[in-house]
Structures are given as C-alpha cells and as structure tokens.
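The values are calculated or read from the model by the stated rules, or taken from the named source; none is laboratory data. All of these numbers come straight from a predicted model, not from anything done at the bench. Note that we place each Cβ from the backbone using ideal geometry, even for glycine, and neighbour counts take in every protein chain shown.
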Amino acid sequence: MTRIVRKEPKTLLNKGTGFLEGYSHSLNPYSGCSFACSYCYVRGMPVSLFRGEEWGSWVDVKQGAADVLRKELSRAKTKGPVTIFMSSSTDPYQPAEAKELVTRSLLEVMTQLPPDFLLVQTRSPLVTRDIDLLLKLGERVRVSMTIETDREDIRRAFTPSAPPIAARLRALRELAEAGVPTQAAIAPLLPSSEGFAETLRAIVDRVCVDDYFMGDGSGGKRTKRLGIDKLYDELQLQEWYSPSAYHSLLERLRRAFPPDAVLVSQAGFLP
C-alpha cells in the first residue's frame, strides 16, 4: 500500500537540464511514484535513496501547487519562451491523481497562462479525464504515452503495478480521436512482438524509441546498477538487453510510419 504524504512546495518549476535541456523547465506534481517500474532511473537518484523507503511505497502530494505554479509561470513568461516537461521523475497521472487532482489543477493554470509548449509524459489512462483542458492548449501540448511493449506478459514482469497495455492503447486512441496531439513513447524499449509497429500505426501518427543505453544519462550504467539485466537473464531475453536491440524495432517502425514520424531518444521528447 502506498503511503501518502502531503507537503507544501515552495517551488515547482525546475530548470531543464541534461536529457531535458531542450526545455526551459520540468514540472513534477508529485514526488515518488506508485507505479514503481523496475527500471525507473529515479530509483537511483537522491529523491529515492535519501528517503530510506522502498521506491513506490510512498508518494508526496504537493498541496497548493496551482498557486505556486501561477506565480512562477507568470514570472517565467516575462523572461522568455516557456517550455515544460511534465514529468521527469514521477507520473503526473499515477493513482493518487484520481483523488488529489494536483495535475489537473496545474493544467487549469496553464490554460490561463499558456506555456509555449507542454509535453505530458505518462503511462496512465487517467490522462483522458483531462481532455477538456488539453484541448484548450491546442497545439501547445503533446501527450506522450509510454508503451514500452505490446506484450502483457512483459509488462507484468517489468512493471507489474503499471496500467495494462490495452488500457494505454485505448487511452491513446481516445486522445487522438478527440484531437489532442499525441505520440507513443517506446521508452524504454522492452521485448515486443513482430506486430508492435502496426498496432501503434493504427492509433498514432508519431512514435519515439528510447532505451537504457541512450536514455538513462549514463550509457546504461545507471540502469545496470538497478540489476535490471538479471531480469532479462531470468526471462531468457538477453538479446533485448543490448545497445543495438532497438535497431530491429526501428526498422519495423520505419516501414509502418513516414520517415519523419519515427524519432529516436532525446529527439522524440523535444518541444
């Protein structure tokens, strides 16, 4: 069971750096994430290590976040273009959001003070609840839905607490049909079937592929410290845990999608 802690943040907008250097800011409505994905790089970061509690067992709810964002966003917009990545170290639509509504409150602020661009990164179908607000942002927003695989057995092995793949695909279709700009993020790449590319092509017109070696900021070393390679060994899928594993999927995606609709690693998340 996830322990909920309520805190009042002094700041919300963080400077975009590293993988997110293409953004002026990152924004996390929560600290911690109950999806607790096995490969999550945040497990090895100070926000998790210094907590002394198992990653996924706690979530900090940022109370009053909307008021803080309103002030910070107003100030930031006077200094130049504002581009926001939400979220870099949590899922803005994890289960707590259904009750706490922190993410929705932040979107409400952003419809009043629109950033130049907002990328919403999630793996939760709950994002469809906020279609009304996302549509108000028009082309200033993109919802990037994490769909690392089309195999439910793989999803259960690597991310047992995350939403089922079928539910994410339905949510992505609902967003796209409503007119919300979307993409599928195969990030990180997990073992998938031969028909994965065609499944995605029937729903979205843009896809991004990333893996541990390109996307964890350390050439895969940060992920390896989590012991994720052992899970590949147990599943006898070692060939998928390789810097070159994404190439075969990339070829299938490029056969299914137009050339400019398939992006790799950082390029797929840029504003």
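Summary table below
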read-out	value
Residues of segment 77-104 that turn out to be assigned to a strand (DSSP E or B) and of a type in the set (A, V, I, L, M, F, W, C), as a count	3
Among the residues listed as THR78, THR128, THR83, the single one being at pLDDT 95 or above and touching a Gly at 6+ places or on another chain (Cβ under 8 Å)	THR83
Test set (1) more than 27 Å from MET45 (Cα to Cα); (2) buried (at least 20 other Cβ atoms within 10 Å of the Cβ) - PRO191 fails condition number	(1)
Unique residue being buried (at least 18 other Cβ atoms within 10 Å of the Cβ), touching a helix residue (DSSP H, G or I) at 6+ places or on another chain (Cβ under 6 Å) and either acidic (Asp, Glu) or within 20 Å of PRO164 (Cα to Cα) (or both) when the list is VAL143, VAL61	VAL143
Residue check, SER48 polar (S, T, N, Q) and touching a residue at least 40 places away in the same chain (Cβ under 8 Å)	no
Whichever residue in segment 26-56 is more than 26 Å from LEU189 (Cβ to Cβ) and touching a helix residue (DSSP H, G or I) at 6+ places or on another chain (Cβ under 7 Å) and, among such residues, is surrounded by the most Cβ atoms within 10 Å (Cβ to Cβ)	PRO29
Answer from VAL59, VAL42 - the residue that is in contact with a Gly (Cβ under 6 Å, 6 or more places away or on another chain), more than 20 Å from PRO115 (Cα to Cα) and of a type in the set (Val, Ile, Thr)	VAL59
Top-ranked residue in segment 196-223 [being more than 19 Å from PRO259 (Cβ to Cβ) and aromatic (Phe, Trp, Tyr); ranked as surrounded by the most Cβ atoms within 10 Å (Cβ to Cβ)]	TYR212
Residue in segment 91-112 that is of a type in the set (S, T, N, Q), in contact with a strand residue (DSSP E or B) (Cβ under 9 Å, 6 or more places away or on another chain), on the phi < 0 side of the Ramachandran plot and surrounded by fewer than 21 Cβ atoms within 10 Å (Cβ to Cβ) present	no
